[in-house]
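Participant: Can you keep this structure in mind? I'll have questions shortly.
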């Protein structure tokens, strides 16, 4: 199974570098594909350049979803990574994880665009599913290309792609806390988690979480030059 990264443009990306080190050390996979931006000193197995000038972040992400789903060379099932996802323990297979129900997740969030987007997705899913689940976790997620293309063709204006996919295709999974290491999560046990994700603030101030990631993956991987 291939790994896919959606990456914004930029010349420097330390998170991507350490994410690649983590998957090379701790995950079984075939190839690494990068859609979008790629630092000059990172050479994936396949690089797909993407025009990232869409009106919104969602427009740009949806375009990359479509490009991945329509690419005949990409494995039929692929693992989607953000550039700030790290595999901290050896993992044979990426299995589905969900956070909680949509209703539970929405009440935890402050009012704003993100909450509104989740509410729209939740309302849509409740038309056919009694208790939809939120898959909006900062962890790797497996997509099937054919199912993904069906999804984005049928519901082009709906966001929360992971949750749409997880609920409409009934993937189930195991309940999990989120693993995003924000600065305001001092009690998060980041040293004993299979997956870990960093926040820009964590990286910029080089705090304990980011130093922990770097200590775990000190050696260059095959994608670095």
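Participant: Are any residues in segment 195-211 over 22 Å from residue 95 (Cα atoms) and surrounded by 17 or more Cβ atoms within 10 Å (Cβ to Cβ), and if so, which ones?
Facilitator: 199, 202, 203, 209, 210
Participant: Could you run through segment 120-166 and say how many residues are assigned to a helix (DSSP H, G or I) and in contact with a strand residue (DSSP E or B) (Cβ under 6 Å, 6 or more places away or on another chain)?
Facilitator: 2
Participant: Oh, and also: Would you check which residues across segment 34-57 are at pLDDT below 90 and surrounded by 14 or more Cβ atoms within 10 Å (Cβ to Cβ) and list them?
Facilitator: Correct list: 52, 54.
Participant: Counting only residues that are crowded, with 18+ Cβ neighbours inside 10 Å, over 13 Å from the mean Cα position of the chain (by Cα) and either within 16 Å of residue 91 (Cα to Cα) or without any contact (Cβ under 8 Å) to a residue 24 or more places away in the chain (or both), how many does segment 2-25 have?
Facilitator: 6
Participant: Under 30 Å from residue 212 (Cα atoms), modelled with pLDDT under 95, surrounded by 13 or more Cβ atoms within 10 Å (Cβ to Cβ) and under 18 Å from the mean Cα position of the chain (by Cα): does that describe residue 135?
Facilitator: Here the answer is no, as residue 135 does not meet what is asked.
Participant: Based on what the data block shows, is residue 213 touching a helix residue (DSSP H, G or I) at 6+ places or on another chain (Cβ under 7 Å) and either closer than 22 Å to residue 141 by Cα or not in a helix (DSSP H, G or I) (or both)?
Facilitator: So residue 213 fits the description; yes.
Participant: Would you pick out the residues in segment 1-26 that are farther than 16 Å from residue 224 by Cβ and in a strand (DSSP E or B)?
Facilitator: 2, 4, 6
Participant: Just checking, does segment 64-80 include any residue being without any contact (Cβ under 8 Å) to a residue 12 or more places away in the chain and assigned to a loop (DSSP other than H, G, I, E, B)?
Facilitator: yes
Participant: Within segment 107-123, can you find the residues that are in contact with a helix residue (DSSP H, G or I) (Cβ under 8 Å, 6 or more places away or on another chain) and in contact (Cβ under 8 Å) with a residue 24 or more places away in the chain?
Facilitator: Answer for segment 107-123, where residues must be in contact with a helix residue (DSSP H, G or I) (Cβ under 8 Å, 6 or more places away or on another chain) and in contact (Cβ under 8 Å) with a residue 24 or more places away in the chain: 118, 121.
Participant: Looking only at segment 85-100, count every residue that is within 16 Å of residue 162 (Cβ to Cβ) and surrounded by 15 or more Cβ atoms within 10 Å (Cβ to Cβ) and tell me the total.
Facilitator: Of the residues in segment 85-100, 7 are within 16 Å of residue 162 (Cβ to Cβ) and surrounded by 15 or more Cβ atoms within 10 Å (Cβ to Cβ).
Participant: Then there is this: Determine, yes or no, whether residue 192 is more than 13 Å from residue 136 (Cα to Cα) and surrounded by 11 or more Cβ atoms within 10 Å (Cβ to Cβ).
Facilitator: No, not satisfied.
Participant: I would also like to ask the following. Kindly check whether there is at least one residue in segment 96-104 that is assigned to a loop (DSSP other than H, G, I, E, B), in contact (Cβ under 8 Å) with a residue 24 or more places away in the chain, in contact with a strand residue (DSSP E or B) (Cβ under 9 Å, 6 or more places away or on another chain) and within 24 Å of residue 63 (Cα to Cα).
Facilitator: Looking through segment 96-104, at least one residue is assigned to a loop (DSSP other than H, G, I, E, B), in contact (Cβ under 8 Å) with a residue 24 or more places away in the chain, in contact with a strand residue (DSSP E or B) (Cβ under 9 Å, 6 or more places away or on another chain) and within 24 Å of residue 63 (Cα to Cα).
Participant: Working only within segment 170-198, note down all residues that are touching a residue at least 24 places away in the same chain (Cβ under 8 Å) and either more than 15 Å from the chain's Cα centre (by Cα) or in a loop (DSSP other than H, G, I, E, B) (or both).
Facilitator: Across segment 170-198, the qualifying residues are 171, 172, 173, 174, 175, 176, 177, 178, 179, 183, 193, 194.
The values are calculated or read from the model by the stated rules, or taken from the named source; none is laboratory data. Values in this document were obtained by computation on a predicted structure and should not be read as measured data. Here Cβ is always computed from backbone atoms with ideal geometry, including for glycine, and neighbour counts include all displayed protein chains.
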